[in-house]
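Student: Got a structure here, written out as structure tokens. Questions coming.
The values are calculated or read from the model by the stated rules, or taken from the named source; none is laboratory data. Predicted, not measured: the structure shown is a model, and the values here were computed from it. When we count neighbours, we look across all protein chains shown, and the Cβ atoms used for this are built from the backbone with ideal geometry, even at glycine.
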Amino acid sequence: MGVTDIAAESITVPIIPNRPLMSADEAESFGHVALRRNAVTGLIDNAAFDPDLIHYDADYQNNQAVSPLFAQHMQQVRNLLKARYPAGTAVVEVGCGKGEFVELLQSDGYFEVRGYDGAYEGSNPGIEKRFLTADDKLHADLVVLRHVLEHIQRPHEFLSLLSGIFADAEIYIEVPDFAWIEKNQAFFDITYEHVNYFTPQSLARLFKSVEQHGLLFGDQYQFVIGSFGEADFPVYGRAHEVPDNWTPVSFDETFPAFTSVVDDISNQSDGKPIYVWGAATKGVMFCHHMKRMHPIAFERIEAAIDINPKKAGRFMPSVHLPILSVDDFCNRACHDALVIIMNPNYRDEIVAELNDRGFSDIRYISV
């Protein structure tokens with residue numbers, strides 16, 4: 001059976017791929033993605049997004065800090081901030097998740113750090129388990145917003161809310177770079193959780209001028225440092241409200257090479273078992289589309305592998321593949337299995353791990 005195309009302007013996807021299932025028959029929800037681009041701001045968003053379908057809780061597992069490479073990325077961001085701001089700077093991370101970055105900033109006492117997140121599940125006294133509201137009036141020299149803004153509909157309104165809470169503080173924003181997604185044909189990076197997709201230009205346009213901007217993590221992420229005092233949120237908002245500013249984004253025109261990626265995997269597998277390394281968004285969405293587009297090849301996928309211990313023993317949303325720890329994979333895998341690496345940034349880390357465990361003849365494909 002050949003690959004069907006992805007030309008539909010709307011696709012159906014699992015709502016939260018980063019919430020692994022406790023069992024393969026657990027109830028789950030699906031939503032629609034229909035991308036559109038704003039001609040003035042450059043923002044791309046999901047016109048079919050319904051925020052009421054999203055609920056983040058303790059089962060939401062998007063912790064990448066267990067990877068040494070990702071830990072290096074967070075160190076790079078900390079060093080970037082330390083190079084710009086003096087000791088004693090008051091930093092608040094909004095949407096701090098499991099608190100890893102807050103704790104990294106706290107570790108050497110250079111910054112005064114607090115965090116806020118309603119889904120936080122730890123016991124750090126510097127983190128409050130709640131979301132901020134317009135009633136909050138807080139002091140910060142720097143607000144940190146890491147991988148939050150892509151999840152929030154009408155991002156200019158959320159940033160306006162923060163400007164009312166933090167006055168004229170500076171803000172560090174980090175989000176995925178849609179230019180990288182498009183260049184690398186990473187169709188599986190399009191997910192319901194992300195209502196917004198920013199290019200460097202559309203991110204910078206949130207401000208009249210930016211203090212600093214750049215790319216991180218193998219160019220997959222981008223950042224901007226701006227000031228609430230230099231915000232251009234009202235202009236961004238007015239452009240957002242004009243229907244004629246929006247044009248649909250065609251999936252087959254934007255990601256013409258994705259179907260060939262699936263075919264290549266099928267051709268290279270030679271009938272051998274396939275494993276997917278990475279049970280987060282990329283892995284879940286890749287398998288979701290592979291099952292839809294090439295079900296025969298999908299049937300050869302035995303399981304996913306993830307180093308996050310809170311995912312092991314659970315199942316991928318939508319496709320219901322079991323999620324293995326590295327130990328479990330090594331106990332069951334044949335040595336000539338094909339491993340699909342969902343993020344090329346982690347290839348060296350993964351290959352070194354399996355070589356150390358005696359799996360030097362594993363075959364790899366990075367997508």
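Student: Please indicate, with yes or no, whether at least one residue in the range 282-292 is in the same structural domain as H320 (by TED's automatic domain parsing) and at positive phi.
Tutor: Checked the range 282-292: no residue is in the same structural domain as H320 (by TED's automatic domain parsing) and at positive phi.
Student: Looking only at the range 235-266, filter to residues that are under 30 Å from G164 (Cβ atoms) and either small (G, A, S) or in contact (Cβ under 8 Å) with a residue 40 or more places away in the chain (or both); which one of those is surrounded by the most Cβ atoms within 10 Å (Cβ to Cβ)?
Tutor: By that ranking, first place goes to Y236.
Student: Sticking with this one: Looking at V195, V144 in this structure, which one is within 22 Å of G99 (Cβ to Cβ), touching a helix residue (DSSP H, G or I) at 6+ places or on another chain (Cβ under 8 Å), crowded, with 22+ Cβ neighbours inside 10 Å and not hydroxyl-bearing (S, T, Y)?
Tutor: After applying the criteria, what remains is V144.
Student: Cβ-Cβ distance below 8 Å, separation of 6 or more or different chains: which pairs start in the range 219-234 with a residue that is farther than 21 Å from A83 by Cα and end on one that is of a type in the set (F, W, Y)?
Tutor: Pairs found: Q220/W180; E230/F207; A231/F207; D232/F207.
Student: Now, a different point. Give the range 350-364 a look and list any residue that's surrounded by fewer than 17 Cβ atoms within 10 Å (Cβ to Cβ) and in contact with a Leu (Cβ under 9 Å, 6 or more places away or on another chain), or say none.
Tutor: Those that are surrounded by fewer than 17 Cβ atoms within 10 Å (Cβ to Cβ) and in contact with a Leu (Cβ under 9 Å, 6 or more places away or on another chain): S360, R363, Y364.
Student: Among all residue pairs at least 6 apart or on different chains, which show Cβ distances below 7 Å where the first residue, located in the range 171-188, is on the phi > 0 side of the Ramachandran plot and the second is in a loop (DSSP other than H, G, I, E, B)?
Tutor: Q185/F255; Q185/A257
Student: Could I ask something else about it? Of the residues P155, P176, only one is within 11 Å of the chain's Cα centre (by Cα) and in the same structural domain as P234 (by TED's automatic domain parsing); which?
Tutor: The match here is P176.
Student: Here is a further query. Restricting to the range 304-321, name every residue that is small (G, A, S) and in contact with a Phe, Trp or Tyr (Cβ under 9 Å, 6 or more places away or on another chain). Before the answer, list the steps.
Tutor: Narrowing the range 304-321 to residues small (G, A, S): 304, 312-313, 318.
Those that are small (G, A, S) and in contact with a Phe, Trp or Tyr (Cβ under 9 Å, 6 or more places away or on another chain): A304, S318.
Student: Quick one: which of F298, F329 is over 26 Å from I11 (Cβ atoms), of a type outside the set (S, T, Y) and without any contact (Cβ under 8 Å) to a residue 60 or more places away in the chain?
Tutor: Only one candidate qualifies: F329.
Student: Inside the range 279-349, counting only helices (runs of 4 or more DSSP H) that do not spill past its ends, which hold 3 or more residues that are in contact with a Ser or Thr (Cβ under 6 Å, 6 or more places away or on another chain)?
Tutor: So the answer is 281-293.
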